[in-house]
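Okay, so here's the structure we're looking at.
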Amino acid sequence: MIRKTLITLFIFAGFMCSGGNYNTLMVKAEKTLYQDNNPEEASRLLIPNVNRRDQDQLLFMMEAGYMLHMANDYKTSNKILTSASNKAESMYKSISKEIASFITNETGKDYMGEDYERILVNMTLGINYLMLNDYDSAEVEFKKVNNMLEYIQEKSGIHYNINLMALYLSSIAHAAAGELEYAYIDLKKIDEIQPGIQSVGLKLMILARQLDYMDDFALWRKKYRGIVLDPALEPYKNSSELVFVYESGLAPRKQSRGRLLADPEINTLFNAAVTGAIIASGSASGAVSNALVLSTIGEAEHPVPRYVYQKYETASARLEIFKDGRIYKTVDTQLLNDVEKTIKTNFENHYMKIREKMITRLATKVVATLVSKAVAESAASNIGGRRYGAVAGFIIGTLTGIGVGSALFSSEKPDLRCWHTIPANYQAGSLLLPQGSYTGIIKYYNRNGDLVSQKDAGKIIIKPDSPSVLLFRTYD
């Protein structure tokens, strides 16, 4: 009977620690996406799970929605990502709940998304609407991006910079919808935060001229000397803006930090926390010691993951516009939103702030578990007498190990789930072109400025009534 009970317990523990099907399906989907370069087919592998209500549903929504975004199926992508946005918003009831999730990393619970993931759902929705020429809806989504950042900062104290890409694309949508003043305000804010972005300078000059802000126009022309605006070109009359949106690289992913006590600083903090927990427990001194606690959790995995950069070579892009078989104009993209830097910096800063509290909580939990089990073991031994006391003590001792191990290796196991397919950064560039038909080539460069690859941008039609937006993505 004892043996059967123990076998059942170990099988249950093994089941609790086994991986879900999200990672399994993502291996297949990412192979189809990256090796076969087929985002539409990759999305089909995940879509059956989008409506399945389980702990990974939000992840399936985000991955499938973004893959369809890459496949240029913006309408279907919007349907899935809108559901993802609504689900994430309903789950994000309070910042305290998110912080608790961050500390405990309970993998058995529904994945609610990290801050940056919830924000990039709205970013992707905004870009989708921009590609569909639905400028009002695009404005709403881009505004949500920075509103959400402000809300998170207000509630949690975690600092996030304004998302300049969302602000820039918001200005494009406002201008296309005829809301020139709103577009101008967005661009001026970007210039205040990060001056020198050429596409922003170009748009400021265009709008200042359209709004008849000639003093401002003179200011921008002086500030952005490299930009020459042809006075003969007038948007909505004989020309329009070509906007090049570039999503580059792969965002960092979560990885285990390894053994909890392998970090010397953590080891020192944990020793101190254990001592405090033993003293606080009162009756613990006779049953529990630092040595017992440390030996019990010696192999325990750190409950908070870390982010690691993904390898990708392409770092920037240049669009060459051809007219009559010759290069007519060129534009280089500039970085507007560094996703990987934001993830790494904010996550690590957050971790350092809560590290000691996390250690104290873990130490208290382990000591309390060992004390209660030791008391139960002693009681069982006394009740069982000489003949059965040892067996009862063995059972309780085994359950003690399983109980502590379960606490540390399941509920405290790092949650390595994250959105795999989002880019490492967002870049943009723009040109004002006369109406007409053009062709283009996109050249991709590495961090040293060496040409990595190039791609045909296809036929580009410039109409004076709306901007032309080109969207490209690389992940290698």
Exercise. Residues in the stretch 339-356: is at least one assigned to a strand (DSSP E or B) and modelled with pLDDT of 95 or more?
Worked result: no
Exercise. Which is of a type in the set (A, V, I, L, M, F, W, C) and over 22 Å from Asp465 (Cα atoms), of Ile227, Ile185?
Worked result: Ile227
Seminar exercise, completed: Those residues of the stretch 329-350 which are among the hydroxyl-bearing types (Ser, Thr, Tyr) and buried (at least 17 other Cβ atoms within 10 Å of the Cβ) amount to Thr333, Thr342
Seminar exercise, completed: For the stretch 182-195, pairs from a residue that is farther than 12 Å from Ile162 by Cβ to a residue that is at pLDDT 95 or above and outside any helix (DSSP H, G or I), with Cβ under 7 Å and 6 or more apart or across chains, are Tyr184/Leu211
Exercise. Out of curiosity, is Asp450 within 22 Å of Tyr328 (Cα to Cα), free of Cβ contacts under 8 Å to residues at least 60 places away in the same chain and more than 27 Å from the chain's Cα centre (by Cα)?
Worked result: no
Exercise. Considering the stretch 312-328 alone, what residues qualify as being β-branched (Val, Ile, Thr) and crowded, with 17+ Cβ neighbours inside 10 Å?
Worked result: Thr314, Ile321
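Residue-wise test of (1) in contact (Cβ under 8 Å) with a residue 60 or more places away in the chain; (2) closer than 17 Å to Thr330 by Cα; (3) of a type in the set (Ser, Thr, Tyr); (4) buried (at least 17 other Cβ atoms within 10 Å of the Cβ).
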residue	(1), (2), (3), (4)
Arg225	no, yes, no, no
Pro235	yes, no, no, yes
Asn238	yes, no, no, no
Leu242	yes, yes, no, yes
Val245	yes, yes, no, yes
Leu250	yes, no, no, yes
Gln255	yes, no, no, no
Gly258	no, no, no, no
Ala262	no, no, no, no
Problem set entry | Boolean, Lys329 is closer than 30 Å to Ser170 by Cα, in contact (Cβ under 8 Å) with a residue 40 or more places away in the chain and part of a helix (DSSP H, G or I) | no
For this session: Scan the stretch 162-181 residue by residue and report those that are free of Cβ contacts under 8 Å to residues at least 60 places away in the same chain and either farther than 25 Å from Asn86 by Cα or not hydrophobic (A, V, I, L, M, F, W, C) (or both).
Result: Ser170, Ser171, His174, Ala177, Gly178, Glu179, Leu180, Glu181
Exercise. Which condition number does His159 fail, the rest of (1) assigned to a helix (DSSP H, G or I); (2) in contact (Cβ under 8 Å) with a residue 40 or more places away in the chain being met?
Worked result: (1)
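The values are calculated or read from the model by the stated rules, or taken from the named source; none is laboratory data. Note that this is a predicted model, so its numbers are computed, not measured. Using ideal geometry, Cβ is built from the backbone for each residue, glycine included, and neighbour counts are taken over all protein chains shown.
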